[in-house]
1. Can you tell me which residue in the range 183-197 is farthest from Val239 (Cα to Cα), limited to those that are open to solvent by less than 50 Å² (accessible area, probe 1.4 Å) and part of a loop (DSSP other than H, G, I, E, B)?
2. Specify the residue that is nearest to Phe89 (Cα to Cα); the eligible residues are those in the range 139-163 that are part of a loop (DSSP other than H, G, I, E, B) and open to solvent by 30 Å² or more (accessible area, probe 1.4 Å).
3. Only one of (1) on the phi > 0 side of the Ramachandran plot; (2) open to solvent by 80 Å² or more (accessible area, probe 1.4 Å) is not met by Glu237, so which one is it?
4. Does the range 96-121 hold any residues that are touching a Phe, Trp or Tyr at 6+ places or on another chain (Cβ under 9 Å) and in contact (Cβ under 8 Å) with a residue 24 or more places away in the chain, and which are they?
5. Please name all residue pairs, on different chains or six or more residues apart, with Cβ atoms under 6 Å, provided the first residue is in the range 122-140 and is closer than 17 Å to Gly60 by Cβ and assigned by the TED database to the domain that holds Met66 and the second residue is in a loop (DSSP other than H, G, I, E, B) and open to solvent by 50 Å² or more (accessible area, probe 1.4 Å).
6. So, restricting to strands (runs of 3 or more DSSP E) that lie completely within the range 1-100, which ones have at least 3 residues that are touching a Gly at 6+ places or on another chain (Cβ under 9 Å)?
7. Here are some conditions: (1) surrounded by fewer than 15 Cβ atoms within 10 Å (Cβ to Cβ); (2) among the hydroxyl-bearing types (Ser, Thr, Tyr); (3) at pLDDT 95 or above. Thr112 meets all but one. Which one does it not meet?
8. Across the range 32-76, what is the number of residues that are touching a strand residue (DSSP E or B) at 6+ places or on another chain (Cβ under 7 Å), aromatic (Phe, Trp, Tyr) and open to solvent by 60 Å² or more (accessible area, probe 1.4 Å)?
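The values are calculated or read from the model by the stated rules, or taken from the named source; none is laboratory data. Note that the structure is a prediction, hence the values are computed from the model and not measured. All Cβ positions, even for glycine, are placed from backbone atoms using ideal geometry, and neighbour counts span all protein chains on display. All accessible areas refer to the heavy atoms of the entire protein, side chains included, with ligands and DNA or RNA removed. Shrake-Rupley method; radii C 1.70, N 1.55, O 1.52, S 1.80 Å.
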Amino acid sequence: LRDNRIELVRASWHELSISVSDVSLSDEGQYTCSLFTMPVKTSKAFLTVLGVPEKPQITGFTSPVMEGERMQLTCKTSGSKPAADIRWFKNDKEVKDVKYLKEEDANRKTFTVSSTLDFLADRNDDGAVVSCRVDHESLNSTPQIAMQVLEIHYTPLVKIISSNSWPEEGQSIILTCESKGKPMPEPVLWTKDGGELPDPERMVVNGRVLSISFLNKTDNGTYRCEAKNPIGRNSTEYVLIVHDVSNTLLPTTVIPSLTTATVTTTVALTTSTTTSSTAISTRDPNALAGQTGPDHALIGGIVAVVVFVTLCSIILLGRYLARHKGTYLTNEAKGAEDAPDADTAIINAEGSQVNAEEKKEYFI
């Protein structure tokens, strides 16, 4: 071997070693070691040289890309032996539906490999990272990667968010118009029922926010938010329905009422006695307001007064009868009934006044 890149490393009766530096594809082939003895002994070995693929490149991307346009990205690498393998990824997720092409180089030893990724541009792909990875046995498990960040332009996406899901009269509501697009949409435009906002004093627009205070029935209608950018415009609508103020039961306070009843009872005796009594009934403060029915407190008061007056009348009648009750024990002389006066009756009575028994009178 006559090559400065080849050096003899070790030589002995049982071993002969050489080293080749700066290996190239031309070094590939069969090498023979001969031992000049009688007879001559030889040994052969075949050297295979791997072609390391070049760093891949992505072509076909133009920035920016409009939404809906078709994109064709091509990843290409040369000089691999054997042919390298190319894989596509979008945000670390592998894309399977790709085209693969392998071509032999002019030296008829290495290969140029290319792969094409074909898809429609979508707004969800904006900012996505598309990568092309080249795998080859000569890279020692460290693949070569080329990356491309996608820039997709698209019309605005508009959405209205309401702060009040059940607006009532007298309340306020805030409508927020969220718009997303690339390029960034211009300030939004608010309209009501196809025209301008009818009451600028109550309907205040601050950027993307529409605030309506002191709602009333005239605010009912369709509110539209429109956003636009150089790519196009888009809008969305919100139907506002103002409801009546809900009837909420409020706690009521019942004020106790005073009821006065006067009962007059007359007892027919020797002297007429009249008794008046006043009964005060207090209504239960826990009673429901507006409840109708008999006033049990009033009835009870009247009954109590009647019973009281009746007892008083019985007591007075008993005292009167007791005061005029007595027992009279007399021993009148017979025949005195015809006497013209009391003195004659006494004289004519049986037995003399002296012998007659004394008149006895008992008072109780």
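1. Filtering the range 183-197 for residues open to solvent by less than 50 Å² (accessible area, probe 1.4 Å) gives 183, 185, 188, 190-192, 195, 197.
Now restrict to residues that are part of a loop (DSSP other than H, G, I, E, B): 183, 185, 188, 197.
Details: Pro183: 29, Pro185: 23, Val188: 18, Leu197: 14 Å.
Here the answer is Pro183.
2. Residues of the range 139-163 that are part of a loop (DSSP other than H, G, I, E, B), as a first pass: 140-143, 150-151, 163.
Among the residues that remain, those that are also open to solvent by 30 Å² or more (accessible area, probe 1.4 Å) are: 140-143, 151, 163.
Values: Asn140: 21, Ser141: 18, Thr142: 16, Pro143: 13, Glu151: 16, Ser163: 42 Å.
Per the stated criteria, the residue is Pro143.
3. Status for Glu237: all satisfied but (1).
4. In the first step, residues of the range 96-121 are kept if they are touching a Phe, Trp or Tyr at 6+ places or on another chain (Cβ under 9 Å); the result is 96-98, 102-105, 113-117, 121.
Across the range 96-121, the qualifying residues are Asp105, Val113, Ser114, Ser115, Thr116, Leu117, Ala121.
5. Ala128/Asn91; Val129/Asn91
6. Details: elements: 6-11, 16-20, 29-35, 41-47, 57-59, 70-80, 85-90, 93-95.
Strands (runs of 3 or more DSSP E) meeting the threshold: 70-80.
7. Thr112 satisfies all of (1) surrounded by fewer than 15 Cβ atoms within 10 Å (Cβ to Cβ); (2) among the hydroxyl-bearing types (Ser, Thr, Tyr); (3) at pLDDT 95 or above except (1).
8. Total meeting the criteria: 1.
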